[in-house]
Amino acid sequence: MDIVIVGIDLGKNSCSLAGLDASGRVVLRRRMRRSAVGSFVTSLRRCVVAMEACCGAHHLGRVFAAQGHEVRLMSPEYVRPYGAPRRRVLPVEEESTQRVVD
């Protein structure tokens with residue numbers, strides 16, 4: 001599993017992650033507690049980390065950049081239109097974050 005882009009949807013307590021390979025196929029989809037996101041991204045090779053811009057994203061962005069990852073933050077107004085209608089079953093915001101990065 002060679003992840004090139006990681007899209008992170010930051011929440012108050014839990015975060016959703018989706019990883020894309022070089023061909024743009026989703027190879028990882030995971031939900032984890034906010035405290036575990038940093039250690040998980042540390043275990044990955046250097047990649048692009050895409051997040052919606054917010055207070056927590058700026059802090060995590062500095063942490064990930066210090067580890068050698070390329071961090072891209074984007075305005076929330078650009079993330080929302082790319083997602084499908086909200087459903088309880090499938091969170092799509094982290095994937096739409098990745099699509100904006102491309």
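Where a number appears in this text, it was derived from the coordinates with a stated rule and is not lab data. In this text, all values refer to a predicted model and were calculated from it rather than measured experimentally. Note that each Cβ is placed from the backbone with ideal geometry, even for glycine, and that neighbours are counted across all protein chains shown.
For a quick check of your reading of the model, give me the residue pairs whose first member lies in region 51-79 and is in contact (Cβ under 8 Å) with a residue 12 or more places away in the chain, whose second is among the aromatic types (Phe, Trp, Tyr) and part of a helix (DSSP H, G or I), with beta-carbon atoms closer than 7 Å and at least 6 apart or on different chains.
Every condition considered, the pairs that remain are Val71/Phe64.
May I ask you to list the residues in region 1-46 that are assigned to a loop (DSSP other than H, G, I, E, B), more than 22 Å from Pro76 (Cβ to Cβ) and not polar (S, T, N, Q)?
Scanning region 1-46 gives Met1, Asp2, Ile3, Val4, Asp21, Ala22, Gly24, Arg25, Leu44, Arg45, Arg46.
Restricting attention to region 1-25, which residues are more than 12 Å from the chain's Cα centre (by Cα) and not acidic (Asp, Glu)?
Met1, Lys12, Asn13, Ser14, Ala22, Ser23, Gly24, Arg25
Please identify the pairs in which a residue from region 5-18 that is polar (S, T, N, Q) has its Cβ atom under 6 Å from the Cβ atom of a residue that is in a strand (DSSP E or B), counting only partners at least 6 apart or on another chain.
Close Cβ pairs (under 6 Å, with a partner that is in a strand (DSSP E or B)) amount to Ser14/Arg31; Ser14/Arg33; Ser16/Asp9; Ser16/Arg31.
From the residues in region 1-55 that are under 18 Å from Ala66 (Cα atoms) and of a type in the set (Ser, Thr, Tyr), which one is surrounded by the fewest Cβ atoms within 10 Å (Cβ to Cβ)?
Checked region 1-55; the qualifying residue surrounded by the fewest Cβ atoms within 10 Å (Cβ to Cβ) is Ser43.
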